[in-house]
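Here the structure is laid out as structure tokens; the discussion comes afterwards.
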Amino acid sequence: MKRGFRLLGWALLLSGAPSACSGGHVGAAASSGASATSGESAGAGEGGGVATGTGEGGGAAVGAGQGGGAAVGAGAGAGPSGECAALAPGPFEPALLTAVFSGSEDFVFDGRGYLVAKQGPNLVRFDATGQTSNFASLPGTVLGLRYRPDGTLVAALPGQGAVVQVSATGMVDDYVTGLTDPNGLAPDALGNVWATDLAGDRVIRLNPDATIDEIASGAPEVSEPNGIVFDLARWAVFYTNSSAGEIRKIDLNNPGERPSLVATVASSVLDGLVLDTCGHLYTVDSQNRTLYRVRLDAGGAALGEAELLARFPTGVANAQFGAGPGFDARTLYVGGAAGSIYGVTVGIAGAPVPAPPEAP
């Protein structure tokens, strides 16, 4: 692909291609009316790196909706099968990938063989051989880091109340200013960036023209929001209320409806949030240096309590599934401002996320 998007699996979802997990999968209402159930057999595969968004089975077809939305069609089947039914329960032993970063609460894969994170005042690229190279100068505190589909990297700078954009050549420009405390970022296929404004108690959408739409605000439903993911198949946004230890959901099909509670992790401070291809959520408890998985049904409701997946020896805040040469697509990489990034082999790939376009 010489121009336009390269979205790790987005094209398949937007065209209605099947998901990696057959049956009543993400966004698909089971024809029998039964919700998805969680399976905990230990048959999950290791390693691999399959292409995100591909596989067998009858997943839900996702079509274009009015007003920029997505119409989610009903899928066949009455529960997860294949890889989604064979997810192994934790806990797992994390493996240290690198400890070269400093002050990087978040990190991101570009899908082309690099992990991008903060090292001192710079953003650096890190490849699977351990080599690093400076990418851009970005001093000060940087929280969320994510790629938009046009290849620009967006970064949340809470000290400046701004989200900046970094070009492929490392040029830094303002994207959106005038925010209170920007933190988590989640771009979508249209170039919007869903974001949390932690001290402002807001979940917002940053549009391509740099305008801001407030999606939800106000305690207790939106209280110190931190991590965030955009779920295309369910047409929803999930986010963490950090100090409350909550994961909440905003149903974008019902504007104005208050965010619903999905799960609570007791005595935690929840930070980053990530979605797998089966539609389950993973969240990082930065206070206790732990990783949890919350299995969800087709409508986005929790199937039981949060599962402890891993404990870490150093501070962690965010997680991302591997993408690109040298990084395992079925491994969840977890890191934080302490500078270390760990790999946790969870046996399933992540949901599609934007990545830079292919080189010409």
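The values are calculated or read from the model by the stated rules, or taken from the named source; none is laboratory data. A quick note: this is a predicted structure, and the numbers were derived from the prediction, not measured. Positions of Cβ are generated from backbone atoms using ideal geometry, with glycine treated the same way; all protein chains shown enter the neighbour counts. Remember, those area values only see protein heavy atoms, side chains included, never the ligands or the DNA or RNA. Shrake-Rupley method; radii C 1.70, N 1.55, O 1.52, S 1.80 Å.
Annotations
- Where strands (runs of 3 or more DSSP E) sit wholly within segment 190-261, those with at least 3 residues that are open to solvent by less than 10 Å² (accessible area, probe 1.4 Å) occupy 193-197, 202-206, 225-231, 236-241.
- Reported count of residues in segment 168-189, each being within 16 Å of A210 (Cα to Cα) and of a type in the set (S, T, N, Q), is 2.
- Checking each residue in segment 84-136 for being of a type in the set (V, I, T), open to solvent by 20 Å² or more (accessible area, probe 1.4 Å) and not in a loop (DSSP other than H, G, I, E, B) picks out only T132.
- In this structure, G140 does not satisfy being on the phi > 0 side of the Ramachandran plot and under 21 Å from the mean Cα position of the chain (by Cα).
- Matching residues in segment 336-360 - criterion: being buried (at least 24 other Cβ atoms within 10 Å of the Cβ), in contact with an Asp or Glu (Cβ under 8 Å, 6 or more places away or on another chain) and within 21 Å of G130 (Cβ to Cβ): G336
- A single entry from L185, L153 fulfils the requirement of being buried (at least 17 other Cβ atoms within 10 Å of the Cβ) and closer than 23 Å to S217 by Cα: L185.
- The single residue among S242, S260, S267, S223 that is in contact (Cβ under 8 Å) with a residue 12 or more places away in the chain, out of contact with any helix residue (DSSP H, G or I) (no Cβ under 8 Å at 6 or more places or on another chain) and at positive phi turns out to be S267.
- Filter pass, L308 being surrounded by 22 or more Cβ atoms within 10 Å (Cβ to Cβ) and part of a strand (DSSP E or B): no
- Residue in segment 324-345 that is part of a strand (DSSP E or B), farther than 21 Å from L143 by Cα and not polar (S, T, N, Q) present: yes
- Among residues of segment 76-101 that are farther than 27 Å from G315 by Cβ, those with a beta-carbon under 6 Å from a residue that is at pLDDT 95 or above at least six positions away or on a different chain give the pairs E83/I348; C84/C278.
- Qualifying residue in segment 293-308 (condition: within 18 Å of N183 (Cα to Cα) and hydrophobic (A, V, I, L, M, F, W, C)): no
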